[in-house]
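Take a look at the structure set out below.
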Amino acid sequence: LVPFIPVLFLTLFLLFLALFPGAFNCCMKISDEIPKGILRRVETFEIQKAHGLCNLEAVILYTGNKKFCVSPQIRKVKKWMKKMKHKMHRSKLHVRKQRRTGITKKNIRNS
């Protein structure tokens, strides 16, 4: 019974990590300003809500191996996120058009 307890604890811990992957990735503090140079280097971002395991609303910016937690109320960040969402939406539409065109060409060749 004694060796079973550590195995049970490890199993529960791994289950917790699987169910809540962002649990240990929360921003605890946020910055009220962000340099433009950092915004230019951001590769991805995510929005942290103020409910659940993370008790603070934030925008998490990822540049390579660094993470920056900033306030979602910063005007510069709001404008940047809007621009990035528009850019991502346009690139998804472009990929869809390419796929449709590729399928059409294959169908024509097989005819």
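Data for the structure
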read-out: Residues (at pLDDT below 85, outside any helix (DSSP H, G or I) and open to solvent by 90 Å² or more (accessible area, probe 1.4 Å)) located in the range 1-43; value: LEU1, VAL2, PRO3, PHE20, PRO21, PHE24
read-out: Contacts under 9 angstrom Cβ, first residue in the range 8-35 being over 19 Å from TYR62 (Cβ atoms), partner open to solvent by 100 Å² or more (accessible area, probe 1.4 Å) and at pLDDT below 70, 6 or more apart; value: LEU17/PHE24
read-out: Residues within the range 45-87 that are of a type in the set (S, T, N, Q), open to solvent by less than 50 Å² (accessible area, probe 1.4 Å) and more than 14 Å from ILE34 (Cα to Cα), tallied; value: 1
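The values are calculated or read from the model by the stated rules, or taken from the named source; none is laboratory data. Only a predicted model underlies this, so the values are computations on that prediction, with no experimental measurement involved. As a convention, Cβ positions derive from the backbone with ideal geometry for all residues, glycine included, and neighbour counts pool all protein chains shown. Accessible surface is based on the protein model in full, side chains and every heavy atom, while ligands, DNA and RNA are left aside. Shrake-Rupley method; radii C 1.70, N 1.55, O 1.52, S 1.80 Å.
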